[in-house]
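The values are calculated or read from the model by the stated rules, or taken from the named source; none is laboratory data. Remember, it's a predicted structure, so these values are computed and weren't measured experimentally. Cβ placement follows ideal geometry from the backbone for every residue including glycine, while neighbour counts extend to all protein chains displayed.
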Amino acid sequence: MNNKNIIRKNYLEELKKYKDKDLIKVLTGIRRCGKSTILEQFIQLLKQEGISSQNIIHLNFEDNNNQELLDSDKLHEYILKNVDLKEKNYIFLDEVQNVSNFQKCIDSLFLRKSLDIYITGSNSYMLSGELATYLTGRYIEIHILPLSFQEYLNYYGENDELKKYNDYITYGGFPYLINLEEAGEKIKYLDSIYNTVIIKDIMNRKKISDILILENVCKFLFDNIGSLVSINKISNTLTSLGRKASVHTIEEYVNCLLNSYILYKVNRFDVKGKQLLKTQEKYYLSDLGLRTYLLGKNNNKDFGHILENVIFLELKRRGYRIYVGKNEEKEVDFVLETEEDFIYLQVALSVREEETLKRELRPLETIPDHYKKYLVTLDYDTNNYNGIKQISAMDLLLDRIQL
């Protein structure tokens, strides 16, 4: 088995849409989520369309063979020496944040209209500071996530969805995992991803010396996915565990985790006032396998919040702007903002018990407007409660239903 056999159709379609447009295509996402493979698949598509290999430059800056090109001036010189500017050329620069001053190189190359440029990076620093200054309005970000449950199921076969779902939430969707069969091998692979992100993308870049505090922040947030959290709460919890750290330090570490795409933050939104709130937020993981790795299988029992995390990632893949809803004292799991309206989603593992059903419907029932409202569960039941549609999480994840 080879992870290149998983064709990431949605991302390839998006790249095709922007091909030859006067924009730099920037692929972002956590390490090993499949960015490089997507570039390779897109290059194959170009060749199938008749683009010659001579008009394609593809460099990966984690490959030691390209070490000499980690200097932006040398990279600039190399590319211009190896293209014919009278023809259309396609430039693919993988993990470009490893190139010193890469922003100036990209900015200069962009002036040559015969170059169609694609770059990838594993942390959001590449889209801050100088790059954003140089390229404002001239790039499009395509954010890559590990395999969706649908992609995962398409690969493994669609029999026994719930068993496959349990495997998926245990080991996650990093594409290379399909090459590994033993649980121990999978955990070792997740260990390598986690440590690469923590060491390479956070500790080395931000010169963090106290890895224990950073790991404790990780453990807290991994253990509290889908729960309202504040920086003060994290600080107080660590202090009670004998790991005292200032609120400023905790905030910096949390931002590092967000910048490395290991976590995503979702802000709260006042449903009645239709405005963002500044206090408390929720955090979700880019891949649940990392949670199993860090906390162990025995701590993988919070299936309601795990389902919420899976649904969050699916909504993010679909491009929604996502908030946590506050409706007076009640909480709506997700408020989705579209171009025209809002959609409300409540997520629950099961609502077959009467009391649970009532509790989960209540936040939606008291919303005063008439936008779409959904109750998403792992039950296969579908119902309509005075306009609130109960839908199956499986139908949503496998694209058998549209919101």
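Any chance region 377-393 includes a residue that's touching a Lys or Arg at 6+ places or on another chain (Cβ under 7 Å), closer than 25 Å to Leu147 by Cα and in the same structural domain as Glu185 (by TED's automatic domain parsing)? For region 377-393, residues touching a Lys or Arg at 6+ places or on another chain (Cβ under 7 Å), closer than 25 Å to Leu147 by Cα and in the same structural domain as Glu185 (by TED's automatic domain parsing): present. The residues listed here are Lys244, Lys206, Lys188, Lys233; of these, the one that is closer than 24 Å to Gly289 by Cβ, surrounded by fewer than 17 Cβ atoms within 10 Å (Cβ to Cβ) and either touching a Lys or Arg at 6+ places or on another chain (Cβ under 9 Å) or assigned by TED's automatic domain parsing to the domain that holds Ile311 (or both) is Lys188. Among the residues that make up region 184-201, is at least one of them in a loop (DSSP other than H, G, I, E, B), closer than 21 Å to Asp94 by Cβ and either over 16 Å from the mean Cα position of the chain (by Cα) or not small (Gly, Ala, Ser) (or both)? Taking every residue of region 184-201 in turn, none turns out to be in a loop (DSSP other than H, G, I, E, B), closer than 21 Å to Asp94 by Cβ and either over 16 Å from the mean Cα position of the chain (by Cα) or not small (Gly, Ala, Ser) (or both). For region 52-68, the set of residues classified as over 20 Å from Lys113 (Cβ atoms) and assigned to a strand (DSSP E or B) consists of His58, Leu59, Asn60, listed by residue number. Put simply, of Ile225, Ile250 the only residue that is over 27 Å from Tyr344 (Cβ atoms) and not polar (S, T, N, Q) is Ile250. Residue count for region 307-337, restricted to those that are over 16 Å from Leu147 (Cα atoms) and out of contact with any strand residue (DSSP E or B) (no Cβ under 7 Å at 6 or more places or on another chain): 4. What are the residues in region 276-305 that are of a type in the set (S, T, N, Q) and not in a loop (DSSP other than H, G, I, E, B), if any? If the condition is that a residue be of a type in the set (S, T, N, Q) and not in a loop (DSSP other than H, G, I, E, B), then Thr279, Gln280, Thr292, Asn298, Asn299 are the ones that fit. In the condition set (1) of a type in the set (Phe, Trp, Tyr); (2) more than 25 Å from Lys265 (Cα to Cα); (3) modelled with pLDDT of 95 or more, Tyr344 is compliant with all but (2).
Rundown of residues vs (1) over 26 Å from Asn259 (Cβ atoms); (2) among the hydrophobic types (A, V, I, L, M, F, W, C); (3) outside the structural domain of Gly157 (by TED's automatic domain parsing), yes/no style:
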position: Ile7; (1), (2), (3): yes, yes, yes
position: Asn10; (1), (2), (3): no, no, yes
position: Ile24; (1), (2), (3): no, yes, yes
position: Gly34; (1), (2), (3): no, no, yes
position: Gln44; (1), (2), (3): yes, no, yes
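Screening Phe222 with (1) among the aromatic types (Phe, Trp, Tyr); (2) under 30 Å from Leu15 (Cβ atoms); (3) at pLDDT 95 or above gives one miss only, at (2).
The criterion of at least 3 residues that are surrounded by 15 or more Cβ atoms within 10 Å (Cβ to Cβ) is met by the following strands (runs of 3 or more DSSP E) wholly inside region 328-403: 330-337, 342-348, 372-377, 388-392. Filter region 255-275 down to the residues that are assigned to a loop (DSSP other than H, G, I, E, B) and surrounded by 20 or more Cβ atoms within 10 Å (Cβ to Cβ) and list them by number. Listed by number, the residues that qualify are Ser260, Tyr261, Ile262, Val271. On inspection, Ile213 qualifies as touching a residue at least 40 places away in the same chain (Cβ under 8 Å) and over 19 Å from the mean Cα position of the chain (by Cα). Taken as a whole, the structure places Val266 among residues that are within 16 Å of the chain's Cα centre (by Cα) and of a type in the set (Val, Ile, Thr). With respect to being under 30 Å from Tyr18 (Cα atoms) and in contact with a Ser or Thr (Cβ under 9 Å, 6 or more places away or on another chain), Ile169 falls outside the description. If you go through region 16-30 and pick out every residue that is surrounded by fewer than 21 Cβ atoms within 10 Å (Cβ to Cβ), touching a Phe, Trp or Tyr at 6+ places or on another chain (Cβ under 8 Å) and either part of a loop (DSSP other than H, G, I, E, B) or aliphatic (A, V, I, L, M) (or both), you end up with 1.
Restricting region 31-55 to residues that are touching a residue at least 12 places away in the same chain (Cβ under 8 Å) and basic (Lys, Arg) leaves a set whose member that is surrounded by the fewest Cβ atoms within 10 Å (Cβ to Cβ) is Arg31.
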